[in-house]
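The values are calculated or read from the model by the stated rules, or taken from the named source; none is laboratory data. In this text the structure is predicted, and so the values were computed from the model without any measurement. With ideal geometry, Cβ positions are generated from the backbone for all residues, glycine too; neighbour counts draw on all protein chains shown. With ligands, DNA and RNA removed, areas are computed over all heavy atoms of the protein, side chains included. Shrake-Rupley method; radii C 1.70, N 1.55, O 1.52, S 1.80 Å.
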Amino acid sequence: MYAIITISIVAIIVLFFGAFGKKKMILPVIFVGLPLAFIVNLMGWNQSIHYFNEMYIDDNFTIAFNGLLLFIALLIFVFAPVYYKSVKRPLEDIYALILFSLVGGLMMTAFGNLVMLFLGIETLSLSLYLLAGSKKSDPRSNEAAMKYFLTGSFASGFLLFGIALLYGACGSFNLEDIKLYVIQNQANIPAMFSIGLLLMAVGLAFKVGAAPFHFWIPDVYEGSPTLITTYMATVGKVAAFAAFFRLINSSFGDVDFLWKTSLIVFAVATILIGNFAALYQDSVKRMMAYSGVAHAGYMLIAIIALKGNAAGVLLLYSVSYSIATITAFAVLMMVRKETGSFSIKSFNGLAKHNPTVAFAMTIAMLSLAGIPPLIGFSAKYQLFVSAIEQGQLPLVIIAIVGSMVSVYYYLRPVVAMYFTRSIESTPFEAAKLYKKQILFVALLLIILSFIPGLIINLI
Amino acid sequence: MIIALLLILPLFASIFLFTGKTVQQSKNFALLASLAVFVISLVGGYELIVAPEKALFSNVDLESILGVNLLFKIDAISIIFVILTSLLVPIIIASTDKKEHRTPHFFALIMLMQTALIGVFAASDMILFYIFWELALIPIFFITARWGGENARKISIKFLIYTVVGSFFMLIAILYLYTLTPAPHSFSFDSFYQLKLSYSQQIPLFLAFFLAFAIKIPLFPFHSWQVETYNASPVQGSMLLAGIMLKMGLYGIVRFLLPLCSDVVANGSLIFLPLILFGVIYGAVIAISQPHLKKLIAFASLSHVGIIALGLLSNSRYGIEGGILQMFSHGVNVVGFFLCYYMIVKRTKTDKISELGGIASVAPRFATIFMIIVLANVALPLTNSFVGEFLILLGLFTYNKILAIIAGLTIILVAVYMLKMYQKIMFGEKKASTENFTDLTFSEIMLFVPIIIAIFAVGIYPSFVLQLLQSVVK
């Protein structure tokens, strides 16, 4: 709760500094504010406090995921000064929007009430619509914002309609009350309830980018400024998954017959479509967008395997996916800055003059592909184990087939970097700016590879 | 303690070498580290010979941190392969020539490979096994792609995808086995061995494991990556692949297929043994007409490992013992063979058999050593292969006489292509490329010494290995 307040205050301060033209103060405020929020967030550990009539629940699940969101946001801000280096204006609007959307994300993990869920999602999404179009001179960025806004608000409509129907059936927005209703009426669930749940699932599937509601992802991810894409692909996705998990886990665990089949269909479609579509991409940014779709499919499995330690598995998977994605996008930012293109060809020969960056990209790609001993493998394997314990062997087999396919496209940038000669032989200028930060996230990824057990047993 | 040293030493050496600057220092350091590992593995081997019933054991319960249980166990079967690995890696490192422009990373990757290989043979937890199994791929992929010959890039990707697909099948099998273990579920080998699997459970398990191992070994018809990869890889990479990495697949058969799917192996052998046997003959026949020496070695290796797989799956005690022994021998022999190839290519810059000839007259020391290695490959009595192949054929004979007779044909075929090759390369007229062939230097001979010792030691006195095995093969 206090983390939300902290971040909101930081965002407002950033706006003020921008208004008074004090550009130099903005980033220091953020770099103090985010760690502060992180610490404030941790203070509620093991206390499970409820705020505002159970609108907001500060349990360990919330704190773990909010900690992750704050940490990811901090990592992304690390890249902000280098990414926006050539921009002269203070950029307070962009930074403040990122922080406000982060507030939305923090609410989504903690809701105890469907109204709060909707509020969180809208706070996150509205800021993201604007951020997607923040590169005003670029038509693709405008296109991305437009597409994202139209499809996103459509999905919000679904979500809202679902919430309304659920309210009609149960007479409450509160997750606990809905759970009580479910337990009492398990035998005869009214159609209104099931339809409401399905509509909510559709709305959330859209937000996480699960097939068949993934069509916005490639275009929006590709068109948005890369820093914002990174933010969407990590904070946006993790927050939406935490919300999805909390919704299903706290209210609908007992009526899994209502949602399980459709989620399995979503997961299978997402894994297959994401992985196979990624095979045919020439732009690495678009490939990463489809890889994000595929990973959404894997994370859906954590929701399907609800019982057991699925929350820990989801957390581990979110950590592994986010850090690796940030690393990959950071390298992409650097390559783009130097070559002006996202295509796989612009990676040619990178290893020769920028070995550190190439190493980081390799680690990120191998982790995303799930090659041991990196954290991506631990996450996948824990996920598969928890799914298989719930008797989802066919689903796991499909997921593993998806992983096999993914090895191919994740290796393409690696191969281009190490084994294809580039035309130019001078080191990238941009590498000097990005090198330290990229190395930092890559090392973080390696360190995390040794402690998946700690992460999974956290909640 | 021994296990920890065996794993940590090469790993740290590898990390250290990644920061290395000069090539010669890196090579010396890697050689020193790998020799230390060899000594440690011999100590482990000695402990097991003294008390063969026991096994070296190491269990560090870090599940709450690492997410995997660090459970290692080296028994009599494992130690053979650990020793094989630690024997061959120093030879492979030492064989690297100064002129080849290797960077320190090359040696770092080899040491990383050694860590992974020892991990595979020492692991006693299925997930740990899988992690090392996959980890071993990464260094060999980079070695082949970075330092390989023509088309190495394309071929190494094909190789990587081929084997990753295979190991994903193994992952499915592992997860399936995990669900069958009684709650709380476990990934340790012991808990798998205690399972009483029904026939219908064994069939999918067998298929998944067999596919993974057959791709790795490789067995016909999954061999298409092998010849290309050997050919494209630098010779050190080929040695790692043929000498040690293939043994991972065979080791997998011994560890999992035989104890877990014993009924399927017993009943179904007649379905897949002929297929493997076809691969054996196929490899040998193609080897006869190979114009390139390296490809000849690759096809010969395909044929030899097929025979080993036949022995292991023949469902008889002799076959299994012989197979395990032969795995060790094949590793030694094929590395020796590749070394001879390397010596020739280094001097003549060609591996076309038709362009070679008359080497024996100018290089008598090389001729002798090459002869010993060729004869070991032919499985002449007193060499290591003889014992293994004899036991394999004996085991096969008790299982099915027709198969054994056809398999026996390969002994003739091996002799044909090996001796024909030797005759063409070493005798006859000197060609332009062999005009200035110099004999082996002292340091080159030193490379062959451990191989020749291993050939004769196992060939003359195989019983100390077999005694070790008898306690484990049941």
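So the values come out like this:
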quantity: Sites A:LEU443 and A:SER153 - FRET efficiency at Förster radius 45 Å, r taken between beta-carbons, to 0.05; calculated: 0.65
quantity: B:LEU87 accessible area, assembled protein chains, probe 1.4 Å, Å²; calculated: 20 Å²
quantity: Residue-averaged beta-carbon neighbours from other chains (10 angstrom radius) around B:164-171; calculated: 5
quantity: Given B:LYS98/B:LYS216; A:LYS237/A:LYS345; A:LYS88/A:LYS136; A:LYS85/A:LYS135, the pairs whose alpha carbons are separated by over 23 Å; calculated: B:LYS98/B:LYS216; A:LYS237/A:LYS345
quantity: DSSP-loop trypsin sites (Lys or Arg not before Pro) across the stretch A:22-73, with at most 16 other Cβ within 10 angstrom; calculated: A:LYS22
quantity: Per-residue ³J(HN,Hα) for the stretch A:353-358, Karplus 6.51 cos²θ - 1.76 cosθ + 1.60, θ = phi - 60°, Hz, x for Gly and Pro; calculated: 9, 10, x, 4, 5, 4
quantity: Peptide A:119-129 - average C-beta neighbours from other chains (10 Å radius); calculated: 0
quantity: Model label zone, A:GLU429; criterion: amide N under 12 Å from point 7 Å along Cα-to-beta-carbon; scope the stretch A:353-375; calculated: none
quantity: Per residue accessible area of the protein assembly as shown, 1.4 Å probe, in Å²; calculated: 35 Å²
quantity: Restricting the stretch A:377-459 to trypsin sites (Lys or Arg not before Pro) in coil, as DSSP defines it, with at most 16 other Cβ within 10 Å; calculated: A:ARG421
quantity: log10 of Debye I(q)/I(0), alpha-carbon scatterers only, for the stretch A:252-459 at 0.11, 0.16 Å⁻¹; calculated: -0.52, -0.98
quantity: Relative contact order (%) - the stretch A:252-459, alpha-carbon pairs under 8 angstrom, separation at least six; calculated: 30 percent
quantity: Cβ charges +1 (Lys, Arg) and -1 (Asp, Glu), total dipole of chain A, debye; calculated: 1560 debye
quantity: Between B and A, accessible area buried - total, square angstrom, nearest 100, 1.4 angstrom probe; calculated: 2800 Å²
quantity: Separation of alpha-carbon centers, the stretch A:293-331 and the stretch B:192-233, rounded to whole Å; calculated: 30 Å
quantity: Euclidean distance of C-alpha centroids, the stretch B:265-332 and the stretch B:100-136, integer Å; calculated: 25 Å
quantity: Structure-based [θ]222 nm, chain A - -39500 (n - 2.57) summed over DSSP H runs of at least 4, per residue, nearest 500; calculated: -25500 deg cm²/dmol
quantity: Extreme residue, positive dipole direction of chain A, given options A:THR109, A:TYR148, A:ILE163 (C-beta unit charges); calculated: A:TYR148
quantity: Dipole in debye (nearest 20) - chain B, about Cα centre, beta carbon charges: Lys, Arg +1; Asp, Glu -1; calculated: 1040 debye
quantity: Rounded Å value of the spacing that divides the Cα centres of the stretch A:172-214 and the stretch A:222-291; calculated: 18 Å
quantity: Computed label-point distance, nm, for sites B:TYR199 and B:ILE161 using a 7 Å Cα→Cβ extension; calculated: 3.9 nm
quantity: Added length on full extension, which subtracts the Cα-Cα distance from 0.36 nm per residue, A:ILE5 to A:LEU74; calculated: 23.2 nm
quantity: Peptides B:180-191, A:164-175 ordered by average Cβ neighbours within 10 Å, highest first; calculated: A:164-175, B:180-191
quantity: Along each principal axis, Cα extent of the protein assembly as shown, largest first, Å; calculated: 91, 64, 44
quantity: Sorted largest first, extent of chain B alpha carbons per principal axis (Å); calculated: 70, 57, 45
quantity: Stretch in chain B that is longest and holds no GluC sites (Glu not before Pro) that DSSP places in a loop and that have at most 14 other beta carbons within 10 Å; calculated: B:151-428
quantity: Trypsin sites (Lys or Arg not before Pro) within the stretch B:171-250, DSSP loop, no more than 12 other Cβ atoms inside 10 Å; calculated: B:LYS196
quantity: Scattering curve values for chain A, log₁₀ I(q)/I(0), Debye with Cα scatterers, q = 0.09 Å⁻¹; calculated: -0.54
quantity: Dipole magnitude of the stretch A:92-202, debye to nearest 20 (Cβ charges: Lys/Arg +1, Asp/Glu -1, about Cα centre); calculated: 220 debye
